[in-house]
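Presented below is the structure to which this report refers.
The values are calculated or read from the model by the stated rules, or taken from the named source; none is laboratory data. Quick caveat, the model's predicted, so the values are computed rather than measured. Here Cβ is always computed from backbone atoms with ideal geometry, including for glycine, and neighbour counts include all displayed protein chains. Please note that ligands, DNA and RNA were not included when accessible areas were found on the heavy atoms of the full protein model with its side chains. Shrake-Rupley method; radii C 1.70, N 1.55, O 1.52, S 1.80 Å.
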Amino acid sequence: MANIFLITDRDSVVKKYEKLCLENSHIFSNSADISIIEDMLNSENYDLVLIDNKIKFSSAISVIKKIKSIKDNIIIILLIEKDIFDKDISKNINGFITEDFDEDLILTTLNINLRMRNSLQKLSDTNKDLADSLYRLNTLYNTSSQFAGTLDKEKLIDYMIEGLDKSLSFSLTCTLSFCNYNEPVLILNSLYEISDELMNAIKLRTVLNYKSLFEGKNIPYNIDENSLKVIKYVKYPANRFNFTLFQFDNMFAPIALGENFYGCIEIFKEKHFTSEDAKCFQTIAQQVSLPLKSATLYQEIIETNKKLEKLEKLKSEFISIVSHELRTPLTSIKNSIDILLSGRCGENSQSAEKFLSMAKQNVSRLSGIINDLLDISKIEAGKMDFHFKPVNIHSVVDYVKSALSGLAKEKNIEILVNETADLPEIMADSQRLEQVLTNLLSNAIKFTPDGKKITISTEFKNTSQIQYHPCFFDDMKKLSGDYIIVSVEDEGIGIAENELLHVFDKFAQIENSLSRKVGGSGLGLPIAKQLLEAHKGAIWCDSELNKGSKFHFALPIASSAVKENLISIS
Amino acid sequence: MKKILIVDDELDIVESLKFVLETSGYSCYTALNGEDGLKLAKELIPDLIILDVMMPKINGYKISRLLKYDNKYKNIPILMITARSQEEDKLIGEETGADEYVTKPFDLEEVLRLVEKHLSREIDGNRNKQNA
């Protein structure tokens, strides 16, 4: 059965084809009025148009072109006297029937054309479906790649809506998002403008949808339609949606992954959603959840890092303030004591002198502790500057020995130096090395009883020749090649074997009455260790309780290449 | 008598410096903030300035820079007192042209030694100028 339309102004032709069509159960209509023809073609779905070449109201070719302009793919068959017609016409028609065709031939001609049309139609429908599927697949693929490419939650929501728009061409999406901005927000992506009344209805509907997801369970965020923040994007603001919007086909889905809830989305479309549309919608809403989770975790990491950075900054600010605020009053105390001790205010009694000296000693001890605290915090923050230059280790030893000779003399301790001649120079910050050696030597003086001796020695050794207690293995295994070893040996109280491991820990001064008496910040050795590590060296010790301790540190003999490198760093 | 200007917001430190310098035969002037210190420096043109870094209104670095870039005052030796002893602080100080640095808590005898060193150097410098 086909729907056939005949254009002719000859009654005989009408009669002939009407009879033929009705006998073969085709639907038949005809007209010879150009305006009616246009209306009919616009409103009806004709399969085939027959047009008489002899029409009088217009030329056949102009009518054919008119028909083509209205329905491009309609089958047009021309009725002619003989099979002679010009090329312009032949290009625009599917076939012709001459007056000498008998009924069978006419029917065959019609049927062949109708069948061809049906086949083409089917083919084009299949193609269209295929193209649709391909397009949708492509959209899904693009959307997932976009999802994978960002950790920005606002962008993820944007990509989701963009993907839905491309694959489903919706009228409106209402996305309730809990994951971007700092509060729940309703994002409307609408084809047309939305009035305030409609907006309120949409808000209410969204909140109800959201609450329905958690019936009988705890709602993750409490929201209220009156205070809900809305972000609205309108594609064509000249047009408006009215309340018939709620009669549109719609779908709803949560955006969630396991326990993590990020929001929900409702989508409206004037035409019906197919089952494929529904699948596509669910897929996209699900797909966005995973990157949202990653993005949430990423954001948490960033925030934690920011907090840590802030803490780190606070710490260094604190150290800086402490150093200023402690040093200033300390200076006043020291100055006062110094003035009194200098005798500028008159003679002091013997006991006044004694107590002033005590105060002076403790001030210098306190300022030592402040310096140590500052050093360790600077080293830990990586802010300690080193000025590497070629250094002769013996000049360091000589300097420290003479600087501390007064202190040793007070305790009647002899400092012996056992130097190895012709040691190569090392690349070092001599001030820092002096700091290390001063620390070791002053410790030795502190812990050595009056009248005993301390020996400083220098040696040249290969890593393989260095012996050390196994508890220093982790630090010592980093060494390789040739080193200068500086050792400070005392005859002091010594360190128990089980304490050796903790000698270089912060605040790890071994607890006994003597250490409390000799004082110190407990930071000297950890600072020495850090300073040596900055020189690519190491520090370790041997000791026997009540017999004495030997502290050693190793500094690498730098090859010329390393020297240049160190110079360029410093 | 040589004039020394002491600029520090810590009254106690100012007092102790003043006492030691005056008992050593110098004439001392004092200011308790940077602004007063700068005014006094320009008014008095002292022989030496002892300058604290951390002060309200105008810090010691700024004062040092202002004086050292002005031909009228650039020959006044400046002894800077810092509380932080950080390398970067020293760098800023060098740019500002201070002549000496002492870190809190400093030694009064050390300050006295540095003052003497610069004031005798200044005398030598003037002599050289006269000779030239």
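If I compute solvent accessible area with a 1.4 Å probe over the protein chains, what percent of it on chain A is carbon and sulfur? List each step's numbers first, then the result.
Working: 16160 of 31280 Å².
Here it works out to 52 percent.
With just the Cα atoms defining each centre, how far is region A:28-45 from region A:436-456? Give it in Å.
Taking the Cα centre of each part, region A:28-45 and region A:436-456 sit 118 Å apart.
What residues qualify as long-range amide H neighbours of residue A:262, i.e. H under 5 Å apart, gap of 5 or more or another chain, H built at 1.01 Å from N?
Hits under the 5 Å cutoff: A:255, A:256, A:257.
From the Cα trace of chain A, what convex hull volume per residue do you get, rounded to a whole Å³? Could the numbers behind the result be given before it?
Details: hull volume 194.9 nm³, N = 570.
Convex hull volume per residue, Cα atoms: 342 Å³.
Kirkwood hydrodynamic radius for region A:367-501: how many Å is it when counted over pairs of different Cα atoms?
Details: mean 1/r = 0.0600 Å⁻¹.
Its Kirkwood hydrodynamic radius stands at 16.7 Å.
With a sphere of radius 15 Å drawn around the Cβ of residue A:399, what net charge do the other residues whose Cβ falls strictly inside it have (Lys, Arg +1; Asp, Glu -1)? Intermediate results must be reported in sequence, preceding the final value.
On the way: positive: A:389, A:401, A:432; negative: A:398, A:419, A:429, A:434.
Once positives and negatives cancel, what remains is -1.
Amide H to amide H under 5 Å from residue A:417: which residues, 5+ apart in sequence or cross-chain, H placed 1.01 Å off N in plane?
Those lying under 5 Å, H to H, from residue A:417 are A:456.
Residue by residue through B:107-117, how many Cβ atoms from other chains fall within 10 Å of the Cβ on average? Don't skip to the answer; put the middle values down first.
Numbers: counts 5, 10, 2, 1, 1, 1, 0, 0, 0, 0, 0.
Mean partner-chain Cβ count within 10 Å for B:107-117: 2.
Take the cross-link list A:153/A:307; A:389/A:461; A:313/A:334; A:128/A:271; A:65/A:87; A:506/B:104 and give me the ones stretching past 23 Å between alpha-carbons.
Numbers: A:153/A:307 21 Å; A:389/A:461 21 Å; A:313/A:334 31 Å; A:128/A:271 18 Å; A:65/A:87 14 Å; A:506/B:104 25 Å.
Pairs exceeding 23 Å: A:313/A:334; A:506/B:104.
Quote the FRET efficiency, to the nearest 0.05, computed for residue A:213 versus residue A:300 with a Förster distance R0 of 22 Å and r equal to the Cβ-Cβ distance.
Working: r = 24 Å, r/R0 = 1.10.
Between residue A:213 and residue A:300 the formula returns 0.35.
So, by mean Cβ neighbours within 10 angstrom, what's the order for B:38-44, A:284-290 with the highest one leading? Write out the running numbers ahead of the final one.
Values: B:38-44: 15.9, A:284-290: 21.3.
The most tightly packed comes first, giving A:284-290, B:38-44.
If you take each beta carbon of peptide A:338-344 and count the beta carbons of other chains within 10 angstrom, what is the mean? Present the calculation step by step, with values, prior to reporting the outcome.
Details: counts 8, 6, 0, 1, 5, 0, 6.
Taking all residues of A:338-344 together, the mean is 4.
Using the Karplus equation 6.51 cos²θ - 1.76 cosθ + 1.60 (θ = phi - 60°), what ³J(HN,Hα) coupling, rounded to whole Hz, does each residue of region A:27-32 give in order, writing x for Gly and Pro?
Each residue's phi maps through the Karplus curve to give 7, 10, 9, 8, 6, 10 Hz.
Please work out the C-alpha center-to-center distance from region A:380-422 to region A:200-233 and express it in whole Å.
The two parts, judged by their Cα centres, are 74 Å apart.
Can you return the aspartates and glutamates within cross-link range of residue A:155? Criterion is Cα-Cα under 20 Å, with same-chain partners fewer than 8 residues away left out.
Once the sequence-local aspartates and glutamates are set aside, what remains near residue A:155 is A:165, A:183, A:266, A:300, A:303.
Taking a probe of 1.4 Å and counting only protein heavy atoms, give the total accessible area buried between chains A and B in Å², rounded to the nearest 100.
Working: alone 32280 and 7380 Å², together 37760 Å².
Buried surface at the A/B interface: approximately 1900 Å².
Which whole-Hz ³J(HN,Hα) couplings does region A:378-393 yield from phi under the Karplus relation 6.51 cos²θ - 1.76 cosθ + 1.60, θ = phi - 60°, glycine and proline marked x?
5, 4, 5, 7, x, 9, 6, 8, 10, 10, 7, 9, x, 10, 8, 4
Can you find, among A:25, A:161, A:420, the residue farthest towards the positive end of the dipole of the protein assembly as shown? Put +1 on the C-beta of Lys and Arg, -1 on that of Asp and Glu.
So the residue we want is A:420.
Average partner chain C-beta neighbours within 10 Å, per residue of A:409-416?
On the way: counts 0, 0, 0, 0, 0, 0, 0, 0.
Across A:409-416, the average partner-chain Cβ count within 10 Å equals 0.
Could you please state, rounded to a whole Å, how far the C-alpha centre of region A:3-17 is from the C-alpha centre of region A:51-127?
Value for the Cα centre distance between the two parts: 14 Å.
Could you give the accessible area per residue of the protein assembly as shown, probe 1.4 Å, as a whole number in Å²?
Roughly 54 Å² per residue, with all protein chains present.
What are the ³J(HN,Hα) values, in whole Hz, obtained from phi via the Karplus relation 6.51 cos²θ - 1.76 cosθ + 1.60 with θ = phi - 60°, for each residue of region A:170-179 in sequence order, with x given for Gly and Pro?
7, 8, 7, 10, 10, 10, 8, 10, 10, 10
Which residues does a label at residue A:133 reach in region A:260-281, if reach means a backbone N under 18 Å from a point 7 Å past the Cα toward the Cβ?
What the label zone holds, given the 18 Å backbone N cut-off, is A:274-281.
Could you give the angle, 0 to 90 degrees to the nearest 10, between helix A:560-569's Cα long axis and the longest principal axis of the Cα atoms of chain A?
Around 70 degrees separate the two axes.
Any residues in region B:4-37 that have 50 Å² or more less accessible area with all protein chains than in their chain alone, probe 1.4 Å, and which are they?
B:19
Just flag the trypsin sites (Lys or Arg not before Pro) in region A:212-247 sitting in loop per DSSP whose Cβ has no more than 15 other Cβ atoms within 10 Å.
Numbers: sites: A:217, A:229, A:232, A:235, A:240; in loops: A:217.
Listed in order of number, the matching sites are A:217.
Please give the calculated 222 nm ellipticity per residue for the protein assembly as shown, where each DSSP H segment of at least 4 residues contributes -39500 (n - 2.57) and the sum is spread over every residue; nearest 500 deg cm²/dmol?
On the way: 21 runs with 351 residues, N = 702.
Estimated from H runs of four or more residues: -16500 deg cm²/dmol.
Could you list which residues have their amide H under 5 Å from that of residue A:270, counting only those 5 or more apart in sequence or on another chain, with H placed in the peptide plane?
Residues meeting the criterion, in which the H sits 1.01 Å from N, are A:171.
Identify all lysines with a Cα-Cα distance to residue B:62 below 17 Å; exclude those on the same chain that are fewer than 8 residues away in sequence.
In chain and number order, the partners are B:39, B:42, B:72, B:74, B:90.
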